[in-house]
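Inspection log for the structure reproduced underneath, given as structure tokens.
The values are calculated or read from the model by the stated rules, or taken from the named source; none is laboratory data. These figures come from a predicted structure and were not determined experimentally. Note that each Cβ is placed from the backbone with ideal geometry, even for glycine, and that neighbours are counted across all protein chains shown. Please note that ligands, DNA and RNA were not included when accessible areas were found on the heavy atoms of the full protein model with its side chains. Shrake-Rupley method; radii C 1.70, N 1.55, O 1.52, S 1.80 Å.
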Amino acid sequence: MASLGDSDSVYSSVKDYYGKVLESTKDLKTSACTAGSAPHPIVRQIIGKVPQAVVGRFFGCGNPIPLGIEGKDVLDLGSGSGRDCYVAAALVGREGSVTGVDMTDEQLAIARENVDEFGKILGYAPKLRFVTGYIEKLEEAGVESES
């Protein structure tokens, strides 16, 4: 097991688990992550429109996205397959933007591959991007300071 000081080993373990071990939510090895309540009905409706490939690889906890964010810019740290980013993209609308940051190539591939399909569902191309990087090093991932 990696020590807390061995960040490369920790990153490698996390990448392997979320990128290679997990194929769907059924593969999760813990049930520690549970939501306190169901998402708002508007959010549930949007989740129903998110491509299944993205939803099927969602390994997050609940839904941290508030309503009333139209026109805003959203940054999702540890975005994984991007489910929450897709929901946020619908909520921010045409004028807002969403950036997801994750270190797992396999998860990011799923997130990126489905943006065009989701745009067709929305009726416009969302300003939705996914970047590879570490949440501790956002500027290295191309996320501007104080953006």
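Selection of the stretch 73-88 for residues being within 11 Å of LYS127 (Cβ to Cβ) and open to solvent by 20 Å² or more (accessible area, probe 1.4 Å) yields ASP73, VAL74.
The condition of being surrounded by fewer than 17 Cβ atoms within 10 Å (Cβ to Cβ), modelled with pLDDT of 95 or more and of a type outside the set (Lys, Arg) holds for only one of ASP16, ASP105, ASP27, ASP116, that being ASP116. Mind checking whether some residue in the stretch 93-100 is open to solvent by 30 Å² or more (accessible area, probe 1.4 Å), of a type in the set (Lys, Arg), touching a Ser or Thr at 6+ places or on another chain (Cβ under 8 Å) and over 17 Å from VAL55 (Cβ atoms)? Within the stretch 93-100 (the criterion being open to solvent by 30 Å² or more (accessible area, probe 1.4 Å), of a type in the set (Lys, Arg), touching a Ser or Thr at 6+ places or on another chain (Cβ under 8 Å) and over 17 Å from VAL55 (Cβ atoms)), the answer is no, since none of the residues qualifies. Out of all the residues in the stretch 118-147, which are over 13 Å from ALA90 (Cβ atoms), touching a residue at least 12 places away in the same chain (Cβ under 8 Å) and within 17 Å of the chain's Cα centre (by Cα)? Matches in the stretch 118-147: ARG129, PHE130, VAL131, THR132, GLY133, TYR134, ILE135, LEU138, ALA141, VAL143. Set side by side, the residues GLU146, GLU136 differ, and just one is surrounded by fewer than 20 Cβ atoms within 10 Å (Cβ to Cβ), at pLDDT below 95, over 21 Å from SER7 (Cα atoms) and of a type in the set (Asp, Glu), which is GLU146.
Remark: pairs (first residue in the stretch 90-102, free of Cβ contacts under 8 Å to residues at least 12 places away in the same chain; second residue assigned to a loop (DSSP other than H, G, I, E, B); Cβ separation under 7 Å; 6+ apart in sequence or on different chains) are absent.
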